[in-house]
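So the structure is just underneath, and the comments pick up after that.
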Amino acid sequence: MKNKQTREFKLSELFDIYGSKYLSPNIEYGDVPFLDKTKINNGVVKFVDADKSILNYGNCITIGDHSAVAFYQEKSFLCSDHMNKLYLKQKFGLLNKYIALYICSVINKEINGKYNYGLIFAKNKCESTIISLPVDDNGTPD
């Protein structure tokens with residue numbers, strides 16, 4: 001990363017960002033991660049047994065609107081209604097674990113301490129958050 005050019009991007013330029021809908025926690029214990037507004041354990045608060053048709057696809061970044069901590073979700077999951085789900089836009093190719101973990105670090109550095117239960121990291125704030133990433137000669141994230 002030495003001598004690499006960087007550029008600022010709004011998260012909405014890089015990701016398709018979705019909120020989440022409330023799912024009743026009336027779910028038996030199983031092997032599907034259930035994410036909620038926590039700053040630890042990759043956002044996972046328990047593992048549940050759930051109908052595969054209602055899962056959120058993995059390979060995305062999640063950010064709790066109260067916790068304001070970015071985590072990479074490699075596998076499909078369920079989540080509470082307090083989550084922002086960030087899926088890399090197709091024009092940038094596929095997200096992989098290492099790129100996602102780097103971007104999570106950059107996001108966390110940018111939003112750390114700015115949001116909490118009194119000032120939540122709502123979807124509109126997520127979309128407008130600006131991060132700086134290394135770019136190639138065309139100004140595309142590298």
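Read the figures in this text as sums done on the coordinates, not as results from a lab. In this text the structure is predicted, and so the values were computed from the model without any measurement. Backbone-built Cβ (ideal geometry, glycine too); neighbour counts: all protein chains shown.
The distance between label points at Val135 and Arg7 comes to 0.3 nm (points 7 Å beyond Cα on the Cα→Cβ vector). Hey, quick one: spin label on Ser105, modelled 7 Å out along Cα-Cβ, who in region 58-93 has an amide N within reach, i.e. under 16 Å? Backbone N within reach: 70-72. Among the chymotrypsin sites (Phe, Trp or Tyr not before Pro) in region 11-73, those located in a DSSP loop and surrounded by at most 14 other Cβ atoms within 10 Å of their own Cβ are Tyr22, Tyr57.
So what's the angle, to the nearest 10 degrees on a 0 to 90 scale, between helix 97-111 and the longest Cα principal axis of the chain? For 97-111 against the chain, the angle is about 90 degrees.
For the chain, compute Rh as the Kirkwood radius over C-alpha pairs and then the Stokes-Einstein diffusion coefficient at 4 °C and 1.567 mPa s; write the answer in µm²/s, rounded to an integer.
83
Look at Leu35, Leu94 and count the other Cβ atoms within 10 Å of each Cβ; fewest to most, that gives Leu94, Leu35.
Only lysines eight or more places from Lys85 in sequence, or on another chain, were considered; those with a Cα closer than 25 Å are Lys10, Lys21, Lys37, Lys39, Lys46, Lys52, Lys75, Lys97, Lys109, Lys114, Lys123, Lys125.
The order of Thr62, Thr38, Thr6, Thr129, going from fewest to most other C-beta atoms within 10 Å of their C-beta, is Thr6, Thr38, Thr129, Thr62. Note on the chain: helix-only mean residue ellipticity at 222 nm, from DSSP H runs of 4+ residues weighted -39500 (n - 2.57) and normalised by residue number, equals -5000 deg cm²/dmol.
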